[in-house]
Amino acid sequence: MAAPSPPILPISNSQSAVTTASAQSQPPIATPAFRSFINKISDTVRNGLSQRRPWAELADRSAFSKPESMSEASLRLRKNYAYFRVNYLAVIAAILAFSLVSHPFSLLLLVGLLASWIFLYLFRPADQPLVIFGRSFTDMETLGILVLFSVVVVFLTSVGSLLISALMVGAVVVGAHGSFRVPEDLFLDEQEPATTGFLSFLGGAATNVAATTAARV
């Protein structure tokens with residue numbers, strides 16, 4: 001009498017399990033590129049703050065006087081901006097930050113918008129499609145959704161008006177200070193770099209984003 005054959009056990013698809021585990025373990029964004037971007041911004045902000053002028057010079061009340069004409073006010077503004085550029089940008093940034101902090105809902109919307117661009121498009125690996133509720137989106141579809149989301153957030157909520165009003169207040173403050181501050185006691189460094197301050201990282205960031213977009217296309 002023949003011996004009974006052993007029961008057949010179900011065989012799991014180990015390759016599929018390994019692939020799924022590998023896909024789940026992969027980071028949602030390109031970590032090295034994102035870390036490099038954050039480090040560049042951090043280094044630029046530190047370098048910009050190190051190049052600011054003393055705040056005592058900015059608030060020296062003895063150096064203020066009414067300009068005699070619009071041309072003199074414009075000349076003062078150009079000279080003062082060239083000298084206090086980093087300080088002016090810091091003042092505008094502080095006004096913008098105060099406006100956002102005083103409106104938490106707008107701040108959350110803006111943070112969500114920026115996070116959506118960063119995590120879903122700019123620094124997401126190109127070989128990983130975006131999957132939401134079981135549906136896979138191409139890069140062009142993702143870009144269209146993000147653009148539509150940006151339009152809704154900026155133009156159909158209070159975020160756009162808040163940003164514009166804060167920037168206008170900052171421009172008025174900078175314009176008033178630059179027009180009434182007498183710049184005769186200010187001396188610019190002859191070999192000062194042309195692009196310094198908080199916004200100098202935009203060139204490198206724009207290049208990185210353009211390269212990422214070109215690679216996706």
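Could you count how many residues in region 75-84 are open to solvent by 40 Å² or more (accessible area, probe 1.4 Å) and either basic (Lys, Arg) or free of Cβ contacts under 8 Å to residues at least 60 places away in the same chain (or both)?
So the count comes out to 3.
Could you list, in sequence order, all residues of region 131-144 that are at pLDDT below 90 and part of a helix (DSSP H, G or I)?
Correct list: Asp139, Met140, Glu141, Thr142, Leu143.
With Phe133, Phe98, Phe119, Phe155 as the choices, which residue is closer than 30 Å to Ala63 by Cα, hydrophobic (A, V, I, L, M, F, W, C) and open to solvent by 80 Å² or more (accessible area, probe 1.4 Å)?
Unique residue meeting the criteria: Phe98.
Among the residues of region 75-111, which ones are closer than 25 Å to Leu146 by Cα and out of contact with any helix residue (DSSP H, G or I) (no Cβ under 8 Å at 6 or more places or on another chain)?
Ala97, Pro104, Leu108, Val111
Among the residues of region 56-97, what is the count of those that are part of a helix (DSSP H, G or I), of a type outside the set (Ser, Thr, Tyr) and more than 26 Å from the chain's Cα centre (by Cα)?
So the answer is 14.
Being free of Cβ contacts under 8 Å to residues at least 60 places away in the same chain and not aliphatic (A, V, I, L, M) is the filter here, so list the residues in region 46-59 that pass it.
Correct list: Arg46, Ser50, Arg52, Arg53, Pro54, Trp55.
The values are calculated or read from the model by the stated rules, or taken from the named source; none is laboratory data. Here the structure is a predicted model, which means the values were calculated and not measured. Cβ sites come from the backbone with ideal geometry, for glycine too, and all protein chains shown count toward neighbours. All accessible areas refer to the heavy atoms of the entire protein, side chains included, with ligands and DNA or RNA removed. Shrake-Rupley method; radii C 1.70, N 1.55, O 1.52, S 1.80 Å.
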